[in-house]
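Let me begin by presenting the structure, written as structure tokens, before commenting on it.
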Amino acid sequence: MQGLRKHGFVVAAAFGCHLAMASLGSAQAWLPPKGEAWFSLSYGNTLVKDHYFYDGERVKEGEIRSHSALVELGYSITDRLGVKVNLPYVAAKYDGVNPHMYPVDDGSTHGTFNDFRLEVRYNALRSPIVLTPFVAGVLPSHHYEYFGHAITGADLKQFIVGTSFGRRLDPFLSRAYVQGRYSYAFVEKIEGIFHDRSNLDLQIGYFVTPSLQLFALGVGQKSHGGLVFDRKEIPTWTASDFHHHSQLGRTDLLGVGGGVDFLATSALDVYASFMTTVAGRNDHAINAQFTLGLTIGFSPRQILRKMSRSDAPSVAPGP
């Protein structure tokens, strides 16, 4: 079985509250070798038809269709230390009878860049369990609208700590593996309201062939603090509470899905996945999310070496 590969599983950030619910592409317990880099591009298409209230009740409040594109660049400084940076572009459209604000919810598609994310990872353990702690910073690329159904993000600064983990399941299942990630996000307070977040993502994969694998996904989010979308409490909200409710919701979400990954060449990886939420509170439900992506691996040193050779002056043969 070849080494485990990255998956750019993107959760499109078009639904209300905490938009970084899960990213199995970020699990990455296994790091590339020293000097190796990768470029990843993925597209996500998300459909939201239902809202979750505080007790898990699903209520139809209109339809939100969002499209997202995520560009990511990563590099392994050593065999154990790696960095990566990414930036998504998100476009969303709301179709319903309960718009929050115009022009965000005017029935047309609105798009913008979302938040920069810079992450540093260190591979602390390699065998038999792989353990890779990380720290990350999230910074909005600019101020964008966070009030409405068809918003593209939460416009919040975040500091995230956590760890990725993984293990090949040999000798019992030599072609299978499990990997995942736990993270805790220290989220920027709004009007003094505490609303940090925990995320747990899991992936179980099986290599049908050395180049083709199937995988199952499980994602979960738990908010610590924030506003509760209770029918009895909502009428007591202040105008400011209502304006910031998409940022401050006490969001709990549970989603499942799966996908396929194909190593087309030694440097090109392509993948597709599907996910849906099966339970939640205080946020939009993801009825269906499809993701397509590719990852290209390369060596910057080799590229520079080839460029320097091609630029070297030719030497005429002697007599």
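The values are calculated or read from the model by the stated rules, or taken from the named source; none is laboratory data. This one's a predicted model, so the numbers in the text were calculated from it and none came from an experiment. Cβ atoms come from the backbone with ideal geometry, glycine included; neighbour counts cover every protein chain shown.
Numerical summary
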{"read-out": "Any hit, the range 152-161, residues being aromatic (F, W, Y) and closer than 17 Å to Q247 by Cβ", "value": "yes"}
{"read-out": "Residue in the range 114-166 that is modelled with the lowest pLDDT, counting only those that are buried (at least 20 other Cβ atoms within 10 Å of the Cβ) and of a type in the set (S, T, N, Q)", "value": "T152"}
{"read-out": "First in the range 59-78 and closer than 30 Å to Y122 by Cα, second anywhere and of a type in the set (V, I, T) and part of a strand (DSSP E or B), Cβ under 7 Å, 6 or more apart", "value": "S68/V90; L73/V85; G74/V83; Y75/V83; I77/V83"}
{"read-out": "Among (1) touching a residue at least 12 places away in the same chain (Cβ under 8 Å); (2) more than 21 Å from E57 (Cα to Cα) - the single one T265 does not satisfy", "value": "(1)"}
{"read-out": "Output for the range 293-312, where each listed residue is assigned to a helix (DSSP H, G or I) and either modelled with pLDDT of 75 or more or under 18 Å from A267 (Cβ atoms) (or both)", "value": "P300, R301, Q302, I303, L304, R305, K306, M307"}
{"read-out": "Count of the range 280-298 residues which are under 24 Å from G74 (Cβ atoms) and either aliphatic (A, V, I, L, M) or surrounded by fewer than 16 Cβ atoms within 10 Å (Cβ to Cβ) (or both)", "value": "4"}
{"read-out": "Tally, over the range 169-196, of residues that are among the aromatic types (F, W, Y), under 25 Å from G258 (Cβ atoms) and within 26 Å of the chain's Cα centre (by Cα)", "value": "2"}
{"read-out": "Members of the range 90-104 that are closer than 14 Å to G62 by Cβ and either modelled with pLDDT of 90 or more or not in a loop (DSSP other than H, G, I, E, B) (or both)", "value": "A92, K93, Y94, D95"}
{"read-out": "Residue check for Q247: buried (at least 16 other Cβ atoms within 10 Å of the Cβ) and either among the aliphatic types (A, V, I, L, M) or part of a strand (DSSP E or B) (or both)", "value": "no"}
{"read-out": "Flag if S198 is among the polar types (S, T, N, Q), touching a residue at least 12 places away in the same chain (Cβ under 8 Å) and either touching a helix residue (DSSP H, G or I) at 6+ places or on another chain (Cβ under 8 Å) or under 30 Å from P103 (Cβ atoms) (or both)", "value": "no"}
{"read-out": "Strands (runs of 3 or more DSSP E) wholly inside the range 113-207 containing at least 1 residues that are under 20 Å from V228 (Cα atoms)", "value": "176-187, 195-207"}
{"read-out": "T277 being at pLDDT 85 or above, within 23 Å of the chain's Cα centre (by Cα) and surrounded by 11 or more Cβ atoms within 10 Å (Cβ to Cβ)", "value": "yes"}
{"read-out": "Filter result (over 30 Å from H245 (Cβ atoms), assigned to a loop (DSSP other than H, G, I, E, B) and among the aliphatic types (A, V, I, L, M)) within the range 262-287", "value": "A264, A267"}
